[in-house]
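**Student:** Got a structure for you, written out below as structure tokens; questions coming shortly.
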Amino acid sequence: MKWTLPNILTLVRLMAAPGLAVMFLYFPRPLADWYALILFVGAAITDWFDGYLARAWKQETKIGAMLDPIADKAMVVIALMILVGYAAEHWTPWLVLPATVILFREVFVSGLREYLGDTAGTLKVTNLAKWKTTAQMVAIATLFSQGIFEHFLVMSSFGMDAQIYTQIIAGEMEDLFGLRWKEAGMIWSGRIGLWLLWIAAALTLITGADYMRKALPHLKEPR
């Protein structure tokens, strides 16, 4: 392996993927949410930089081309696993369904690429596929931020009478602990994150179907 900066960034991103789960294993929430969000956003930024630098410095390598999509998929799959796992506390199919679509597509396309072997390299990544990856990254980062808002809201209102909490949120009492903006952040980060995840799931289906269409000529049985 050539230890170019783009390859190092890709390798760091690949190693960071299981680090998302480790954050929730060793740290309490919301610290785990903060660390996972920072780690995920940092990895997403390196995803852009390693490709840009590899092209700009003419340092594109076979190992980099192989590791880059693996690192992307590992980050997305592990992050979705964490989000769905914690959503089990208040089970929501609105999160599970798009996550299932994304995970199914990744498994299906990975299997198809493995079957096609060297031929898979001739099926170029489209701009729509890049938008799909971007939508996934932004959606997941937004959903991680929801956990931060939620747990700060819980800590700020811990032990508070339910009626007082309701009056503060309704604006009938002074909001000394910032409960209103924390609840609004929790609600809207969850909604926006879900909307983006559904958009990502739709793009995932479209790009998966396009990849299958391009692969079909290579799957035909000889007559």
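**Student:** Quick one: with all protein chains in place, what share of the accessible area of the chain is carbon or sulfur, to the nearest percent (1.4 Å probe)? It would help to have the intermediate numbers written out before the result.
**Tutor:** On the way: 9140 of 13260 Å².
Here it works out to 69 percent.
**Student:** Let me ask something additional. I need the phi-derived Karplus couplings for the range 139-149: 6.51 cos²θ - 1.76 cosθ + 1.60, θ = phi - 60°, integer Hz, Gly and Pro marked x.
**Tutor:** Calculated HN-Hα couplings, in order: 4, 5, 4, 5, 5, 5, 5, 4, x, 5, 4 Hz.
**Student:** Using a 1.4 angstrom probe on the protein heavy atoms only, could you order LYS62, LYS130, LYS214 from most to least accessible area?
**Tutor:** Ranked from most to least accessible, the order is LYS62, LYS130, LYS214.
**Student:** Whole number in Å², please: accessible area per residue of the chain, 1.4 Å probe, ligands, DNA and RNA not counted. Provide the component values of the computation, followed by the final result.
**Tutor:** Details: 13260 Å² over 223 residues.
Result: 59 Å² per residue.
**Student:** Let me ask something else about it. What do you get when you divide the Cα radius of gyration of the range 93-223 by 2.2 N^0.38 Å, with N the number of residues? Intermediate values should be presented prior to the final figure.
**Tutor:** Values: Rg = 22.0 Å, N = 131, 2.2 N^0.38 = 14.0 Å.
Taking N as the residue count of the range 93-223, the ratio is 1.57.
**Student:** Moving on. Taking the radius of gyration and the Kirkwood hydrodynamic radius from Cα positions alone, what is the Rg/Rh ratio for the range 149-223, to two decimal places?
**Tutor:** Rounded to two decimals, Rg over Rh is 1.47.
**Student:** Which three lengths, in whole Å and largest first, does the chain cover when its Cα atoms are put on their principal axes?
**Tutor:** Here the Cα extents, ordered largest to smallest, are 75, 42, 28 Å.
**Student:** Looking at the chain, identify the longest residue range that excludes and avoids all chymotrypsin sites (Phe, Trp or Tyr not before Pro) in DSSP loops having at most 13 other Cβ atoms within 10 Å. Walk me through the numbers on the way to the answer.
**Tutor:** On the way: sites that count: TRP3, TRP57, TRP91, PHE158.
By the stated rule (loop sites, at most 13 other Cβ atoms within 10 Å), 92-157.
**Student:** For the chain: lysine pairs with Cα atoms under 21 Å, gap of 8 or more or different chains, count?
**Tutor:** Pairs that pass both the separation and distance tests number 16.
**Student:** Follow-up. Sorting ARG213, ARG180, ARG13 by accessible area (1.4 Å probe), largest first, what list results?
**Tutor:** On the way: ARG213 140, ARG180 95, ARG13 0 Å².
Output order, biggest surface exposure first: ARG213, ARG180, ARG13.
**Student:** Under 13 Å from a point placed 7 Å out from the Cα of THR61 along the Cα-to-Cβ direction: which residues of the range 1-27 have their backbone N that close?
**Tutor:** 1-12
The values are calculated or read from the model by the stated rules, or taken from the named source; none is laboratory data. These numbers come from a predicted model, not from an experiment. A quick note on method: Cβ atoms are made from the backbone with ideal geometry, for glycine too, and the neighbour counts reach across all protein chains shown. Note: areas computed on protein heavy atoms with side chains; ligands, DNA, RNA excluded. Shrake-Rupley method; radii C 1.70, N 1.55, O 1.52, S 1.80 Å.
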